[in-house]
Amino acid sequence: MPQSELPPFFSRNDAGDLLIEQVRAGEIVERFDSPTYVYSRAAIESAFNALTAAFGDRAHRICYAVKANSNIGILNVLARLGAGFDIVSYGELARVMAAGGDPGKTVFSGVGKSADEIRGALEAGIGCLNVESEAELQRIADIAAEMQQVAPISLRVNPDVDARTHPYISTGLKDNKFGVAIDEALPLYEWAHAHPALEVTGIDCHIGSQLTDVSPFRDAAERVMKLAHRLTERGITLQHLDLGGGLGIRYTDETPPAAADWIEAIRSVVDADPLARDLPIWIEPGRFIAGPAGALLTRVEYLKPGEHKSFAIVDAAMNDLMRPALYGSDMAIVPAGQGSGLGAGDRHPGTWEIVGPICETGDFLGHERELELAEGDVLAVLGAGAYGFSMASNYNTRPRAAEVLVDGRAIHEIRRREPLDSLWALEQLPTTD
Ligand code: LLP
């Protein structure tokens, strides 16, 4: 992303300070120290509203993928907008409920749901279990029967569509572990339809994440529609189609489709088909909603210029933001600017490796960044609202960052920095005799 280009609701004032809505990034670091994640409430709402607008009068449900950013403050903002949720663990369901979200508008995805998780979800009144294998279908049927309940299910079908994204986040190819091969789904649907403890409610698919082209979405929707016809012919009536998440965002120079283009690609398939005309369409976006809304604020600890490479060692690391280390992803890193965003030392223009304090060569946030830096400067890693904090760890016994939600001029601390001793609070010295 060129330095001048900031995500919506991020801007600069006349002095060059980076603003999140109306709050200076430097002010956040003064108050909450660094590293700190900061999110714009307006950015979250506007992404959600763009999707809603694109659906127009077509029945739909936006099930926000909780894994992207599961802070209950963020979930609460989305619940207030009427969002449903896509979860992959009972823990995520518990968060949704703690945030005021509706389990009845929640779908449960994931290849490895445990018996306890299935039981918990059914007790909570889950909206739909997205089933990823024959063995899981059997387990759900057994548990629902034992609870004398009827479990609402969809099969997550694998449409064998190439999402053309990073191999670790591509999920819709037949070699991936996800879902049931679309050609093998029919007998499972018939079995489920005949089972008294199961209610077939829909078809689900999710082909991958960070897609920058709409055609795989269209191909997947077409394949799902073919299956929908075959199910209808066999007397299995559907109540929704869940077409998953995956819309990409701009980290540096990507040109992802707009919300309207994504939904239009889906609608071009489903609106044209009489079978689907009145069928609610569900989607499971995570990154598109939370990603551009967030930045990771970090301070430069040391500058270490060298003959071959120059390192700017910052106080955020791969434990705070894994995406660069894990996927080699390029995320824009910009200065927070004047005021409290600038350190007091000498300024050094150059090409910098932005690295963290962790003892691994893979611990970097960005390579070869042209920046003029001084020790003490505040930098912002942009597009960090999704898969940032939610993938953070305590590696190297580093407390996880604070999280702050900005709403206009208001600043809400939605997660305080972890106190150090909480990191070993569950540990014990071995007893010796
Ligand atoms: N639904 C299901 C079943 C999923 O597995 C995912 C993401 C989503 C929805 C949401 O996808 P999104 O709209 O956010 O692309 N940690 C990786 C991304 C992993 C995505 C996993 N599944 C990253 O940082 O790029």
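Around residue 156, what is the net charge, scoring Lys/Arg as +1 and Asp/Glu as -1 over all other residues with Cβ under 10 Å from its Cβ?
-4
Quick one: compute the contact order of the chain, relative version, from alpha carbon pairs under 8 angstrom and 6+ residues apart, as a percent. Please list the in-between numbers first.
Values: 994 pairs, mean separation 86.0, N = 433.
Rounded, it is 20 percent for the chain.
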The chain - share of DSSP beta bridges that are antiparallel (%, nearest 5):
50
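Can you compute the FRET efficiency between residue 80 and residue 310 using 1/(1 + (r/R0)^6), with r the Cβ-Cβ distance and R0 = 41 Å? Round to the nearest 0.05.
For R0 = 41 Å, the calculated efficiency reads 0.35.
For Cα pairs less than 8 Å apart in space and 6+ apart in sequence, what is the mean separation divided by the residue count of the range 1-121, i.e. the relative contact order in percent? Could you put the intermediate results ahead of the total?
Values: 126 pairs, mean separation 19.7, N = 121.
The value is 16 percent.
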Which whole-Hz ³J(HN,Hα) couplings does the range 133-141 yield from phi under the Karplus relation 6.51 cos²θ - 1.76 cosθ + 1.60, θ = phi - 60°, glycine and proline marked x?
7, 5, 5, 5, 4, 4, 4, 5, 4
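Quick one: putting +1 on the C-beta of Lys and Arg, -1 on the C-beta of Asp and Glu, what dipole do you get for the chain around its Cα centre, in Debye to the nearest 20? Write out the running numbers ahead of the final one.
Numbers: 38 positive and 62 negative charges, 130 e Å.
It comes to approximately 620 debye.
Taking 0.36 nm per residue of separation and subtracting the Cα-Cα distance, what length does fully extending residue 374 through residue 49 add? Spell out each step's value before the answer.
Numbers: separation 325, 0.36 × 325 = 117.00 nm, distance 3.98 nm.
Contour length minus Cα-Cα distance gives 113.0 nm.
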Compute, for the range 371-433, the length of the dipole vector about the Cα centre, with Cβ point charges of +1 (Lys, Arg) and -1 (Asp, Glu) only. Units Debye, rounded to 20.
220
Residue 302 to residue 428: FRET efficiency via 1/(1 + (r/R0)^6), r the Cβ-Cβ distance, R0 30 Å, to the nearest 0.05?
0.25
Residue-level accessible surface for residue 322, protein heavy atoms, 1.4 Å, Å²
60
Subset of 67/309; 67/304; 67/177 violating a 27 Å alpha-carbon distance limit
67/309; 67/304
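Counting Lys +1, Arg +1, Asp -1, Glu -1, what net charge surrounds residue 39 among other residues with beta carbon under 14 Å of its beta carbon?
Numbers: positive: 41, 287, 415; negative: 21, 45, 403, 407, 413.
Within the 14 Å Cβ shell, the charges total -2.
Can you work out the accessible area per residue across the chain, with the rest of the protein chains kept in place, probe 1.4 Å, in square angstrom?
Values: 18230 Å² over 433 residues.
Dividing the accessible area of the chain by its residue count gives 42 Å².
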Quick one: among 411, 153, 44, which has the greatest mean-square fluctuation in a GNM of the chain with alpha-carbon springs under 10 angstrom?
411
What full-extension length gain, to one decimal in nm, is calculated for residue 57 and residue 417 as 0.36 nm per residue of separation minus the Cα-Cα distance?
125.3 nm
Which parts of the range 242-268 would a label at residue 222 reach, counting a residue when its backbone N lies under 15 Å from a point 7 Å out along Cα-to-Cβ?
265-268
Would you calculate a helix-derived [θ] at 222 nm for the chain, using -39,500 (n - 2.57) for each DSSP H run of n ≥ 4 and dividing by the full residue count, to the nearest 500?
-8000 deg cm²/dmol
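Taking every DSSP beta bridge that has both residues in the range 41-287, what percent is antiparallel when rounded to the nearest 5?
Values: 1 of 29 bridges.
The antiparallel proportion sits near 5 percent.
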Sorting check: for 74-82, 358-366, which peptide has the highest mean count of neighbouring beta carbons within 10 Å, and how do the rest follow?
74-82, 358-366
Label model pair residue 15, residue 255: point-to-point distance (7 angstrom along the Cα→beta-carbon line) in nm is 3.8
Could you work out the Kirkwood radius for the chain, taking every pair of different alpha carbons, averaging 1/r and inverting it, reported in Å?
22.8
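Could you calculate the contour length gain from residue 327 to residue 360, that is, 0.36 nm times the residue separation minus the distance between their Cα atoms, to one decimal place in nm? Could the numbers behind the result be given before it?
Numbers: separation 33, 0.36 × 33 = 11.88 nm, distance 1.54 nm.
Working it through step by step, the gained length comes to 10.3 nm.
Note down the magnitude of the dipole of the range 41-287 about its Cα centre, charges +1 on Lys and Arg C-beta and -1 on Asp and Glu C-beta and zero elsewhere, to the nearest 20 debye. Mind showing how you got there, number by number?
Values: 23 positive and 34 negative charges, 103 e Å.
The dipole of the range 41-287 has a size of about 500 debye.
The values are calculated or read from the model by the stated rules, or taken from the named source; none is laboratory data. All of these numbers come straight from a predicted model, not from anything done at the bench. So basically every Cβ, Gly included, is an ideal-geometry build from the backbone, and we count neighbours across all protein chains shown. Accessible surface is based on the protein model in full, side chains and every heavy atom, while ligands, DNA and RNA are left aside. Shrake-Rupley method; radii C 1.70, N 1.55, O 1.52, S 1.80 Å.
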